[in-house]
Amino acid sequence: MEAGTVAEWVGSLASIAAAIVSALALFVAVRANAHAREANETSRETRNDYLATAERERRMMTASLLQAWWVASDDGRWAVMISNGSSSAGVFRDIVLTSVDRGKTYTTPIPMLPPGTYVLEPEANGQGIPRLVGVGERWNPLTRSRKHAVQSLEFMDPLGERWRWDATNGLRPE
């Protein structure tokens, strides 16, 4: 055999081996890239799920700031207390309060309710005219009355979403 021919063969084999190693490296790199894409997509989905859950919880917390229950004063008056626990400009709108007063059901539309605590006395039931609770005014919650109950509360929250609360199903978006 001639020396040039052996060197050519060795060079050719080295080139073929380098090509095989390069092909294997390319294959490994392509698989690693596919795994990285998959991990990135999983991460993006997880992030989006987390953000969606956080947004639902934030909206639920906002909606839960509107509450209503029956109260009695120390001098024997009864009323429905409505509390908008929002801070700043959290105005609830298009409220429909359904309450029972000694067997009679009242549906009271309230166009808007700014932050604060209000009472809706029986003579205002059905009329939608809650009165801001005065300083020093004392009302006690009725926790065991069979004759007085808030049945449901429907409203639009400050973010524009419709909600409904009732004793059977709790708070949920409509």
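Among MET61, MET112, MET81, the sequence by solvent-accessible area, most first, with a 1.4 Å probe is MET61, MET112, MET81. Probing with 1.4 Å while keeping every protein chain in the model, the per residue accessible area of the chain equals 65 Å². Using a probe of 1.4 Å on the protein chains alone, the accessible area found for ARG102 is around 150 Å².
Placing a pseudo-label 7 Å from each Cα along the Cα-to-Cβ vector at MET112 and GLU174 gives an inter-label distance of 1.9 nm.
Carbon and sulfur atoms: what percent of the 1.4 Å accessible area of the stretch 1-122 do they account for? Let's see the in-between values first.
Working: 4910 of 7900 Å².
Taking all protein chains in place, the stretch 1-122 shows 62 percent carbon and sulfur surface.
Pick out which of ALA17, ALA32, ALA79 has the largest mean-square fluctuation in a Gaussian network model of the chain, springs linking Cα atoms closer than 10 Å. Looking only at ALA17, ALA32, ALA79, the biggest GNM fluctuation is shown by ALA17. Any idea what angle helix 3-63 forms with the longest principal axis of the chain, computed on alpha-carbon atoms, 0 to 90 degrees, nearest 10? Approximately 0 degrees, to the nearest 10.
If you rank HIS148, HIS35 by how much accessible surface each has, with a 1.4 Å probe, what is the order from largest down? Walk me through the numbers on the way to the answer.
Numbers: HIS148 15, HIS35 105 Å².
These residues rank, largest area first, as HIS35, HIS148.
Note on the chain: with charges restricted to the Cβ of Lys and Arg (+1) and Asp and Glu (-1), its dipole about the Cα centre is near 800 debye. With all protein chains in place and ligands, DNA and RNA left out, the 1.4 Å accessible area ranks ASP157, ASP75, ASP94 as ASP75, ASP94, ASP157, largest first.
With N residues in the stretch 23-64, what two-decimal value do you get for its Cα radius of gyration over 2.2 N^0.38 Å? Write out the running numbers ahead of the final one.
On the way: Rg = 18.1 Å, N = 42, 2.2 N^0.38 = 9.1 Å.
Cα-based Rg divided by the globular estimate yields 1.99.
Counting only DSSP H runs of at least 4 residues, each contributing -39500 (n - 2.57), and dividing by the residue count of the chain, the helix-based mean residue ellipticity at 222 nm comes to -13500 deg cm²/dmol. In this view, the solvent-accessible surface of ILE20, computed with a 1.4 Å probe and all protein chains in place, comes to about 90 Å².
The values are calculated or read from the model by the stated rules, or taken from the named source; none is laboratory data. It should be emphasised that the depicted structure is a prediction, and the values quoted were computed from it without experimental measurement. Backbone-built Cβ (ideal geometry, glycine too); neighbour counts: all protein chains shown. These area figures cover heavy atoms from the full protein model, side chains too; ligands, DNA and RNA do not enter into them. Shrake-Rupley method; radii C 1.70, N 1.55, O 1.52, S 1.80 Å.
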